[in-house]
Amino acid sequence: MLHEFGHAVYDKHINPKLPYFLRTISHISTTEAIALMMGSLVDDPAWLSAVVGVPEAELDEIREHLLWGGRADRLVFMRWALVMFHFERELYADPEREDLNSLWWDLVERLQLLNRPLGRDEPDWAAKIHVAVAPVYYHNYVLGHLIAAQLRHHLEERVTGGPFFMSEVAGRYLLEAVFGPGARNKWEDLVLGATGERLNPDYFVKTLR
Ligand SMILES: [Zn+2]
């Protein structure tokens, strides 16, 4: 829900006076960034304490689990997203190729370090709904994770000086720097404008430590 509300709050605050064709998100990766930033709060001890009201004693018991769980989630997801990216790139380069089933499992083995079931030759790739209904979308989750980490770092270090989710200033900042301008800026320029630098994966890497 937090993830989808992230998309919703972005859409809700796009300046309604913009020309029709600009009255939309800057890019799929920027709306995913907001959704991922909001969604990640479910395993953020500070958010669970301040917003949900989980007692500190209970949080202490699960704090390490939450932090490591969040890191593991991001690492596992990145490798999975790479499977999707490489698979789709090969698929669209040659949609008629007949070895898609084994291409899928080759990538799963190489990138996710999982072994294919012995003797299996089925279109398992087709079970991933994005291939059919949201093609060439998945890399935006990777970009979204990178943007989210950079944006949160900027918000908390330079704008609010504390958790962004406790700050009305953070809300106003997001409104002005990210949501409001709609599709006036390319995503690269939106990242530069909102964080003061071009996309820099270091911030995401730091969330894994
Ligand atoms: Zn999303």
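The values are calculated or read from the model by the stated rules, or taken from the named source; none is laboratory data. Model, not experiment: these values are computed from the prediction. Methodologically, a virtual Cβ is constructed for each residue, glycine included, from the backbone with ideal geometry; neighbour enumeration extends over all protein chains shown. For accessibility, only protein heavy atoms count, side chains too; no ligands or nucleic acids. Shrake-Rupley method; radii C 1.70, N 1.55, O 1.52, S 1.80 Å.
A few comments on the model shown:
- Sequence-distant lysines (8 or more away, or on other chains) whose Cα lies within less than 26 Å of Lys206: Lys186
- The value of relative contact order for the stretch 1-106, using C-alpha pairs under 8 Å at least six residues apart, is 21 percent.
- Normalised per residue, the accessible area of the chain is 58 Å², obtained with a 1.4 Å probe and no contribution from ligands, DNA or RNA.
- In units of the compact-protein estimate 2.2 N^0.38 Å, the stretch 117-169 shows a Cα radius of gyration of 1.92.
- Computed over the stretch 112-209, relative contact order equals 28 percent, with contacts defined as Cα pairs under 8 Å that lie 6+ residues apart.
- From the alpha carbon centroid of the stretch 144-209 to that of the stretch 6-64 is 12 Å.
- When the charge dipole of the chain is built from unit charges on Cβ atoms (+1 for Lys and Arg, -1 for Asp and Glu) and taken about the Cα centre, the candidate among Ala183, Gly119, Ser49 whose Cα reaches farthest toward its positive end is Ala183.
- Estimated FRET transfer efficiency when R0 is 45 angstrom, pair Asp99-Arg63 (beta carbons, to 0.05): 0.45
- Ligands, DNA and RNA left out, the accessible area of the chain computed with a 1.4 Å probe is 58% carbon and sulfur.
- Cα shape, the stretch 58-209, gyration tensor, a/c 1.5 rule: oblate
- Relative contact order of the chain: 30 percent, from C-alpha pairs under 8 Å at least 6 residues apart in sequence.
- Choice from Glu88, Glu32, Glu64 with maximal GNM fluctuation in the chain (Cα, 10 Å cutoff): Glu64
- Among Gly119, Gly161, Gly182, residue whose mean-square fluctuation peaks in a GNM of the chain (springs only between Cα atoms under 10 Å): Gly119
- In this Cβ point-charge picture (+1 for Lys and Arg, -1 for Asp and Glu), the chain has a dipole of about 680 debye about its Cα centre.
- GNM on the chain, alpha-carbon springs under 10 angstrom: the most fluctuating residue among Asn140, Asn101, Asn185 is Asn101.
- Kyte-Doolittle mean at least -1.0, axial Cα span of 20 Å or more - DSSP H helices of the chain: 56-93, 139-154
- Net lengthening on full extension, Asp189/Lys128 (0.36 nm per residue, minus Cα-Cα): 18.8 nm
- Taking a ≥ b ≥ c as the square roots of the eigenvalues of the Cα gyration tensor, the stretch 1-129 is oblate, since a/c reaches 1.5 or more and a/b is not larger than b/c.
- Additional length obtainable on full extension of the chain from Gln112 to Ala8, 0.36 nm per residue less Cα span: 34.3 nm
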